[in-house]
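Engineer: Before I ask anything, here is the structure I am working with.
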Amino acid sequence: QVQLVESGGGLVQAGGSLRLSCAASGSIFGINAMGWYRQAPGKQRELVALITSGSSTNYGDSVKGRFTISRDTVKNAVYLEMNSLKPEDTAVYYCRVIKYGFMYWGQGTQVTVSS
């Protein structure tokens, strides 16, 4: 089992920045991709950003150029630097990792961007 704990969410004004963190623990050997998804009220969960064990990255179209994902393999953590935040970025942000084809999710952290 892999346990994921997210932190760093909160309330910020439009144009501001936040940094989300996700720490993995437990049976972490074999974790491949790590990433962030988000879900706004009434909407489907969507990809925000992914990073593989080889540090390849992929971003959702709506966050390209504003968000940056990074990974610390020593700390088994993944980070999401969010800049130029917009009200439409308001959502619960979930950390997700893939290990041997299985997906593990964190409990989510709320990000609210006020206009």
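Engineer: Out of contact with any strand residue (DSSP E or B) (no Cβ under 8 Å at 6 or more places or on another chain) and either of a type in the set (S, T, N, Q) or under 25 Å from V12 (Cα atoms) (or both) - does that describe any residue in the range 63-72?
Structural biologist: Yes, there is a match, as at least one residue in the range 63-72 is out of contact with any strand residue (DSSP E or B) (no Cβ under 8 Å at 6 or more places or on another chain) and either of a type in the set (S, T, N, Q) or under 25 Å from V12 (Cα atoms) (or both).
Engineer: For Y94, state whether it is out of contact with any Phe, Trp or Tyr (no Cβ under 7 Å at 6 or more places or on another chain), crowded, with 18+ Cβ neighbours inside 10 Å and in contact (Cβ under 8 Å) with a residue 24 or more places away in the chain. Quick ask: steps written out before the conclusion?
Structural biologist: On the way: out of contact with any Phe, Trp or Tyr (no Cβ under 7 Å at 6 or more places or on another chain): no; crowded, with 18+ Cβ neighbours inside 10 Å: yes; in contact (Cβ under 8 Å) with a residue 24 or more places away in the chain: yes.
When the stated conditions are applied, Y94 does not pass them.
Engineer: Filtering the range 40-61 down to residues that are open to solvent by less than 60 Å² (accessible area, probe 1.4 Å) and in contact (Cβ under 8 Å) with a residue 24 or more places away in the chain, which residue is farthest from Y94 (Cα to Cα)?
Structural biologist: The qualifying residue farthest from Y94 (Cα to Cα) is I51.
Engineer: Please go through the range 10-39 and pick out each residue that is part of a loop (DSSP other than H, G, I, E, B) and either crowded, with 19+ Cβ neighbours inside 10 Å or modelled with pLDDT under 95 (or both).
Structural biologist: Residues of the range 10-39 that are part of a loop (DSSP other than H, G, I, E, B), as a first pass: 14-17, 27-30.
Within the range 10-39, S27, I28, F29, G30 meet the criteria.
The values are calculated or read from the model by the stated rules, or taken from the named source; none is laboratory data. Note that this is a predicted model, so its numbers are computed, not measured. When we count neighbours, we look across all protein chains shown, and the Cβ atoms used for this are built from the backbone with ideal geometry, even at glycine. Ligands, DNA and RNA are stripped out before the accessible areas are found, and what is left, the full protein with its side chains, is counted by its heavy atoms. Shrake-Rupley method; radii C 1.70, N 1.55, O 1.52, S 1.80 Å.
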